[in-house]
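Peer 1: Handing you a structure now.
The values are calculated or read from the model by the stated rules, or taken from the named source; none is laboratory data. Model, not experiment: these values are computed from the prediction. Using ideal geometry, Cβ is built from the backbone for each residue, glycine included, and neighbour counts are taken over all protein chains shown. What goes into the accessible areas is simple: the full protein's heavy atoms, side chains included, and nothing from ligands, DNA or RNA. Shrake-Rupley method; radii C 1.70, N 1.55, O 1.52, S 1.80 Å.
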Amino acid sequence: MPTQDQIREALRAVIDPELRRDIVELEMVRSIDIHPNGVVDVMVSLTTPGCPIRSHFQTGVAQAVRALDGVAHVNVSFDVLSADEKGKLQSKLGRGGLPDGALAQVANVICIGSGKGGVGKSSVTANLAAALTAEGKRVGVLDADVWGYSQPRMFGLGALRPKVNDQRKIVPPVAHDGIKVMSIGFFIEEDAAVVWRGPMLHKALTQFLEDVDWGVLDYLLVDLPPGTGDVSMTLAQLLPQAQFLLVTTPQPVAQKVARRSAEMAHKVRLEIAGVIENMTAFVTPGGERFPIFGEGGGELLANDLDVPLLGKVPLTMALREQADAGIPLVMSDPDDAAAQALRQIARGLVALAPIAPISLPVMQAAAAPSGLDVIPPRPKQPAGMSLPMA
Ligand SMILES: Nc1ncnc2c1ncn2[C@@H]1O[C@H](COP(=O)(O)OP(=O)(O)OP(=O)(O)O)[C@@H](O)[C@H]1O
Ligand SMILES: [Mg+2]
């Protein structure tokens, strides 16, 4: 059997993704109990009770300890650092405390992406937002597609100009049933061509995350642009605890492209929560089934990535029409086949992430992954891009 010290040494492999230090250094290993039958109990202390990275620690600790000779089973349990211990940790980190951003009260951040354009990311985002709201959740939608933004239209918010509150935070426009929406579309003239280069993009997204008054949210859904570019990198850097949902059509080709963005997600260490197949077979009112975009892509991709297939959303005319009408289909016609599928996916998401709003820190820009333009320390007020406010 390994000794306490050997186990402690092995636990140095477990890194807190927010604080970017190992849990031994952070003094988050509360106790290690070694039993004669090869069972090891490890208790890890979290900074907050609802720590969204709990499952990250769970797997990391189990893997690190199980790799040691003589260990047959690892039990991982959690408790919370006392106020005193948190204070100690804060002074150790030497930057005036644990990171604390505008997203402090947002419990779950879910990025909706795909490798390919036009597979329904934005439609899925808007409707999941509506479905999660119907489940009683507080939801925000961040349109991270600065080139082809579509959320203002999907929620019928048109050319609104957001206001700035007393704290100099941008107030997100509120759509049906209280969904908070933020999009570059609120700040630029319709049809104006936007040419974003890396640093500007980074700044705009940082502002959307840090200078927008999101308030208390159970979910912040992020509608990604197609592809695996700068936006995803920036978001991964700003939101290391975000989860990724991959949308694919049933076509094997789309699935291959989606795989590429999965690889990107892995590279930037975003957790993939699952796959959604969209544009699954069209079914006529008479029950005849037309698999217009093929079959099976969602299953293939989910199996390939070893993540759940959260649902299949059929092609329906209503889904397309409602996007244009500015009301998510889930709200206007919850019984439509596509709406039903989306509602079920939302329930699946809730089951996957039963987390209540808690402190969820935002990383500072200084820790940019290589290859990304590092923006100098952010000024206190919205600056640089200076979004025009109402
Ligand atoms: N299940 C569906 N049934 C019918 N139409 C759909 C369905 N899903 C999406 N659409 C339609 O397909 C088009 C593309 O959808 P959407 O804009 O949501 O895709 P996207 O992946 O966000 O695209 P982009 O990559 O350009 O951002 C839209 O016109 C939308 O209304
Ligand atoms: Mg889109």
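Peer 1: For a 21 Å ceiling on Cα separation, which of these pairs sit above it: LYS121/LYS256; LYS116/LYS256; LYS92/LYS169; LYS163/LYS203; LYS86/LYS180; LYS121/LYS203? Don't jump to the answer; show the numbers that get you there.
Peer 2: On the way: LYS121/LYS256 16 Å; LYS116/LYS256 10 Å; LYS92/LYS169 30 Å; LYS163/LYS203 19 Å; LYS86/LYS180 32 Å; LYS121/LYS203 23 Å.
Violating the 21 Å Cα-Cα cut-off are LYS92/LYS169; LYS86/LYS180; LYS121/LYS203.
Peer 1: What does the charge count around LEU305 come to, taking other residues whose C-beta lies under 10 Å from its C-beta (Lys +1, Arg +1, Asp -1, Glu -1)?
Peer 2: Values: positive: ARG259; negative: GLU263, ASP304, ASP306.
Net charge around LEU305: -2.
Peer 1: Could you give the accessible area per residue of segment 1-57, probe 1.4 Å, as a whole number in Å²?
Peer 2: Values: 2570 Å² over 57 residues.
On a per-residue basis, segment 1-57 sits at 45 Å².
Peer 1: Give me the percent of DSSP beta bridges within segment 4-93 that run antiparallel, rounded to the nearest 5.
Peer 2: On the way: 7 of 15 bridges.
For segment 4-93, the DSSP antiparallel bridge percentage is about 45.
Peer 1: Quantify, in whole percent, the carbon and sulfur part of the accessible surface of segment 4-93 (1.4 Å probe; protein heavy atoms only).
Peer 2: 48 percent
Peer 1: Something else now. Ranked highest first by average number of other Cβ atoms within 10 Å, how do 26-32, 68-74, 123-129 line up? Walk me through the numbers before you get to the answer.
Peer 2: Values: 26-32: 17.6, 68-74: 14.0, 123-129: 28.3.
Per-residue Cβ counts within 10 Å, averaged per peptide and sorted highest first, yield 123-129, 26-32, 68-74.
Peer 1: A follow-up question, please. Mind giving me the nanometre distance, one decimal, between the label points for GLU189 and VAL164, set 7 Å out from Cα along Cα→Cβ?
Peer 2: So the label points at GLU189 and VAL164 sit 2.2 nm apart.
Peer 1: Also: Please give me the summed charge of the neighbours of ILE179: other residues whose Cβ is under 11 Å from its Cβ, Lys and Arg +1, Asp and Glu -1. Let's see the in-between values first.
Peer 2: On the way: positive: LYS137, ARG138, LYS180; negative: ASP177.
Net charge around ILE179: +2.
Peer 1: Is the shape of segment 105-245 rounded, prolate or oblate, going by the alpha carbon gyration tensor and its root eigenvalues a ≥ b ≥ c, with a/c under 1.5 for rounded and a/b larger than b/c for prolate?
Peer 2: rounded
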